[in-house]
């Protein structure tokens with residue numbers, strides 16, 4: 001949240017790989033646990049510099065049970081990205097982002 005709120009900081013590419021809702025400035029990819037979703041993610045990442053800071057999230061459930069996190073993580077590693085992070089949402093997007101004051105995209 002601090003990084004995203006700092007307008008002078010270099011901003012990451014934010015990828016929504018689930019269904020929970022879009023954080024402001026996130027690119028909605030969709031579920032990374034199916035063929036269509038992983039292909040969409042792969043296509044989005046094709047021309048991204050391999051050292052670009054990428055933050056990805058799902059937010060539908062506790063991430064240790066999330067069906068979307070592991071396939072996205074695996075793809076980023078396979079594509080040789082070196083600077084990616086999973087947004088820390090141990091419970092879900094509502095509890096760990098919205099309730100903590102995180103910005104959501106306008107609908």
Could you please tell me which pairs satisfy a Cβ distance under 7 Å, a separation of 6+ or placement on different chains, a first residue in the stretch 34-50 that is without any contact (Cβ under 8 Å) to a residue 24 or more places away in the chain, and a second residue that is surrounded by 13 or more Cβ atoms within 10 Å (Cβ to Cβ)? 40/29; 40/30
Is it the case that residue 85 is closer than 24 Å to residue 7 by Cα, modelled with pLDDT under 95, under 12 Å from the mean Cα position of the chain (by Cα) and not in a loop (DSSP other than H, G, I, E, B)? yes
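Given the condition under 24 Å from residue 2 (Cβ atoms) and touching a strand residue (DSSP E or B) at 6+ places or on another chain (Cβ under 7 Å), answer yes or no: does some residue in the stretch 36-52 qualify? I'd like the intermediate steps shown before the answer.
Residues of the stretch 36-52 that are under 24 Å from residue 2 (Cβ atoms), as a first pass: 48-49, 51-52.
Checking which are touching a strand residue (DSSP E or B) at 6+ places or on another chain (Cβ under 7 Å) leaves us with 48, 52.
Yes, because at least one residue in the stretch 36-52 is under 24 Å from residue 2 (Cβ atoms) and touching a strand residue (DSSP E or B) at 6+ places or on another chain (Cβ under 7 Å).
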For the stretch 12-28, give me the residue count where each residue is without any contact (Cβ under 8 Å) to a residue 24 or more places away in the chain and in contact with a helix residue (DSSP H, G or I) (Cβ under 7 Å, 6 or more places away or on another chain). 1
Filtering the stretch 1-39 down to residues that are under 22 Å from residue 95 (Cα atoms) and assigned to a helix (DSSP H, G or I) yields 2, 3, 4, 5
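The values are calculated or read from the model by the stated rules, or taken from the named source; none is laboratory data. Since this is a predicted model, take the numbers as computed values, not measurements. As a convention, Cβ positions derive from the backbone with ideal geometry for all residues, glycine included, and neighbour counts pool all protein chains shown.
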